[in-house]
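Before any comments, here is the structure.
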Amino acid sequence: MTKATAHQRAVIGRTAVLNQQSTRKLVKRRMIWSAPVAVATTILSLGFLPGTAQAAYPCPTDWVCLYQNTNATGSASVQPRLNPASGGYVGVINDFRNSHYTNGASLQDSVSSIVNNTNQFVLLAEHINQSGRKVLITPYSGLTNLNDVYILNENGSSYRGSFEDLASSAAAGTCGGCFPSGPLN
């Protein structure tokens, strides 16, 4: 075995130092990226961020449920004021700004679907106090996506269109042909 010359030893030494520096930089880069990647992986695995298909909250019998997304998906809102079975039924929500989904978001201009499992008609209105254009949801109608419904104008005419993310108030009751600014009784 031949001995390395002084020059060869110097080159090997510099190479070793450069490799150590590169390794340190690589380890630092990995450490910098590993923490956010670990946090993101944890968040996604625990379901804090919505996936492409979120399981729907099953709306109970005798209740009205409002959903943030179509097909009764996304965050849900079960408002006692619209549900005769709740004990808190008054038949009207005059302003959705004070009503929220389970995720904390306001119902105001964000309802995309509704499930009506009651014997009541439910009226969704474009503006507060049941004013503006309206959509009437019939009793026991189950799921209704608001992106393709009959919309009632204030002048009494109707047309088919989207009412998705437009509702600002609601009323519920047994009188389907009535449009007062209060319960539909």
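Quick notes on this one:
- Residues in the range 88-99 that are surrounded by 16 or more Cβ atoms within 10 Å (Cβ to Cβ) and more than 26 Å from Gly156 (Cα to Cα): Tyr89, Ser99.
- Filter result (in contact (Cβ under 8 Å) with a residue 40 or more places away in the chain and in contact with a Phe, Trp or Tyr (Cβ under 7 Å, 6 or more places away or on another chain)) within the range 84-110: Leu107, Gln108
- Qualifying positions in the range 118-157 - assigned to a loop (DSSP other than H, G, I, E, B), surrounded by 16 or more Cβ atoms within 10 Å (Cβ to Cβ) and modelled with pLDDT under 95: Thr118, Gln120
- Whichever residue in the range 158-169 is of a type outside the set (Asp, Glu) and in contact (Cβ under 8 Å) with a residue 24 or more places away in the chain and, among such residues, is surrounded by the fewest Cβ atoms within 10 Å (Cβ to Cβ): Leu166
- Residue tally, condition of a type in the set (Lys, Arg) and farther than 14 Å from Ala171 by Cα, over the range 107-156: 0
The values are calculated or read from the model by the stated rules, or taken from the named source; none is laboratory data. Just so it is clear, the structure is predicted and the values come from calculations on it, not from any experiment. As a convention, Cβ positions derive from the backbone with ideal geometry for all residues, glycine included, and neighbour counts pool all protein chains shown.
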